[in-house]
Amino acid sequence: MTKEQFRQARFSRLQRHTSTGRMPTFHSSVAKADRAAVSWDDLGGLAVGCRFTANLPGPVSLAGRMRCIRPGRGERGSIVNDGLVTRRSARDVGETISALRAEAQRLGAVVVAVVDHAAAAGKAGLSMPDTQVIIFGNPQAGTPLMQARPEIAIDLPMRVMVRDDGQPGSLITWQDPAYLAQRYGLGEDQLAPLKAPAKIASAIDGR
């Protein structure tokens, strides 16, 4: 068997394994490997990525791993993965953004902008699923955080992404407050402003 045939056989085996949710590890000596997204799993209606990574480039003796991301459960109806919280809205993207805007304003936040990525893509002659990001904040809540940790300004104002994943409704995603707290060394008493996205997202669907 040639090295290329060996590589293809290994890759096919990985695809079969990931379709069953297993996470194999393999070691081989190959001439070249490509970094690639291999397959997708589905957990509660949310797409969960499985990634194959390899050290590149050139002739190498490599150790590769297929890792199926298994998110943890956050608040009721939410998935927490790599610092992001995602939950499903029963409404489409436009309706969800409108509801988020109304709820944020009701709670006293200022809506800075709504970024429509799909509309911008269309103007560039490209297409993508409906994806919008609403940016909002409250200076009274956010300023003390920036006074204590100036670097957190890069993550403020708060933002929530809503996107169409091809399933009924839409997906709402925001940054996990616990992740931000760890990233910037914040105490529990400083987390209240960072919990606003979760509070707003929960309110619009009554969860």
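Tell me which residues come under 5 Å, amide H to amide H, from ASP130 once H is placed; ignore anything under 5 positions away on its chain.
Placed amide hydrogens put ASP164 under 5 Å from ASP130.
Rank by packing, highest mean first: peptides 167-175, 139-147, 82-90, 118-126, with packing defined as the count of other Cβ atoms within 10 Å averaged across residues.
167-175, 82-90, 139-147, 118-126
What list of ³J(HN,Hα) couplings, whole Hz, do you get for the range 148-153 from phi and the Karplus terms 6.51, -1.76, 1.60, once you set θ to phi - 60° and write x for glycine and proline?
Running phi through 6.51 cos²θ - 1.76 cosθ + 1.60 with θ = phi - 60° gives 7, 9, x, 5, 5, 4 Hz.
Karplus couplings for the range 108-125 from phi (6.51 cos²θ - 1.76 cosθ + 1.60, θ = phi - 60°), rounded to Hz, Gly and Pro as x?
Karplus-based 3J(HN,Hα) across the range 108-125 equals x, 7, 9, 7, 6, 6, 10, 9, 9, 5, 5, 5, 5, 4, x, 5, 8, x Hz.
For q values of 0.12, 0.19 Å⁻¹, compute log₁₀ I(q)/I(0) with the Debye formula on a Cα-only model of the range 73-204, without solvent.
-0.47, -1.10
Throughout, read-outs are computed from the coordinates displayed, never taken from laboratory work. Worth saying up front: this structure is predicted, and the values here are computed from it rather than measured. Glycine gets a Cβ as well: all are built from the backbone with ideal geometry, and neighbour counts include every protein chain shown.
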